[in-house]
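Asker: Sharing a structure, written as structure tokens. Questions coming.
The values are calculated or read from the model by the stated rules, or taken from the named source; none is laboratory data. The structure displayed is predicted, hence computed values, not measured ones. A quick note on method: Cβ atoms are made from the backbone with ideal geometry, for glycine too, and the neighbour counts reach across all protein chains shown. Each accessible area value is taken on the protein alone, full model and side chains, heavy atoms only, with ligands, DNA and RNA left out. Shrake-Rupley method; radii C 1.70, N 1.55, O 1.52, S 1.80 Å.
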Amino acid sequence: MERVIGSMGSEYIRFRLDPESVPLLTAKFDWNSLARRVFIDPVTGFVDLMTPSPEHELHARGTDRLLDAMGRRLGIRAIHLGSTRWRRPDDPDNTGAEPDACYYLGETAERWGRAYAQGPAERETFELNNPPDLVVEVERSPGDRDKPAFYRRLGVPEMWRIDISGNTREALMLDLQAPHSPAELELSKMLPGAGPDFVLEALGLAIQDRLDELDTLIAERVGREARQ
């Protein structure tokens, strides 16, 4: 078992189970009783239990403001799904990953809205069969190396890794469905015109609630590039 403190002060506990025993253990134990965020990969057996720091949550929720502002400017509907637990339909119950933030975007968001209007059963079925369009992981963690492969198997198109801690300023965009995944992107495929440098600058404004400046930045940079 490995216990570490992440780059933003969050606590991580990481260990590996025999994959054959994962269904038995997850059926009998609620891992969320031990930690706020859980990652249980039934294929590899890796388990990551994470208790986020206030700094971590500040940045994770800042991505919600950023996606809202970009969606309004680009005319793309964004549905926030927070730290929803995601798994494949055939994966054992109570396994999967809880990203720091995740979203349905555009056409997927519209289809989710129609499923939501039909009631909880339709919504849950939709979510089980439709992974998010974008997942965001904030802060460097021991499980970083495993999550892209998990999200690829799940069918997620794109993942952002963001870490703005101390002297670190890092944003990485990954195409998870590329032939040799994960493939680093210069610009997001999900949000036209958005690149890593833009995300770092825009997230800083979003965290500080400088929303007028954020909208101006999006209009000047992302809006211009999206029209080209």
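Asker: Hey, any idea what % of the chain's accessible area is carbon plus sulfur with a 1.4 Å probe?
Answerer: 49
Asker: Can you work out the FRET efficiency for the pair residue 116 and residue 44, with r the C-beta to C-beta distance and R0 = 25 Å, to the nearest 0.05?
Answerer: On the way: r = 33 Å, r/R0 = 1.31.
E between residue 116 and residue 44, to the nearest 0.05, is 0.15.
Asker: In a GNM of the chain with a 10 Å cut-off on Cα contacts, which of 180, 59, 80 has the highest mean-square fluctuation?
Answerer: Sorting by GNM fluctuation, first place goes to 180.
Asker: So who's got an amide H within less than 5 Å of the one on residue 194, skipping anything under 5 residues away but keeping other chains? H placed 1.01 Å off N, in plane.
Answerer: Answer set, sorted by chain and number: 188.
Asker: Give me the net charge of residue 190's neighbourhood, meaning all other residues with Cβ under 9 Å from the Cβ of residue 190; Lys, Arg count +1, Asp, Glu -1.
Answerer: -1
Asker: Give the residue from 193, 75, 113 lying farthest towards the positive end of the charge dipole for the chain; charges sit on Cβ (+1 for Lys and Arg, -1 for Asp and Glu) and the dipole is referred to the Cα centre.
Answerer: So the residue we want is 113.
Asker: Placing unit charges on C-beta atoms (Lys and Arg positive, Asp and Glu negative, everything else neutral), compute the dipole magnitude of the range 60-106 about its Cα centre in debye, rounded to 20.
Answerer: Its charge dipole is roughly 340 debye.
Asker: Any idea what the dipole of the chain comes to, in debye rounded to 20, about its Cα centre with Lys/Arg Cβ at +1 and Asp/Glu Cβ at -1?
Answerer: 240
Asker: Over the range 71-173, average the accessible area per residue using a 1.4 Å probe and give it in Å², no decimals. Show your work: numbers first, answer last.
Answerer: On the way: 4510 Å² over 103 residues.
For the range 71-173, the solvent-accessible area averages 44 Å² per residue.
Asker: While we're on this one: Would you kindly derive the ³J(HN,Hα) couplings of the range 104-118 from the backbone phi angles with the Karplus curve 6.51 cos²θ - 1.76 cosθ + 1.60 (θ = phi - 60°), listing them in order in whole Hz, with x for Gly and Pro?
Answerer: 8, 10, x, 5, 5, 4, 5, 5, 4, x, 5, 5, 4, 5, 7
Asker: Another question about this same structure. Please tell me the relative contact order of the chain in percent, rounded to the nearest whole number, where contacts are Cα pairs under 8 Å and at least six residues apart. Intermediate values should be presented prior to the final figure.
Answerer: Working: 412 pairs, mean separation 38.4, N = 228.
Relative contact order for the chain comes out at 17 percent.
Asker: Now a separate question. Could you tell me which of rounded, prolate or oblate describes the range 45-86, using a ≥ b ≥ c as the square roots of the eigenvalues of the alpha-carbon gyration tensor, with rounded for a/c under 1.5 and, failing that, prolate when a/b is larger than b/c and oblate otherwise?
Answerer: oblate
Asker: From the residues 96, 125, 181, which one has its Cα farthest along the dipole of the chain in the positive direction, the dipole being from +1 and -1 charges on Cβ of Lys/Arg and Asp/Glu about the Cα centre?
Answerer: The Cα lying farthest towards the positive end belongs to 125.
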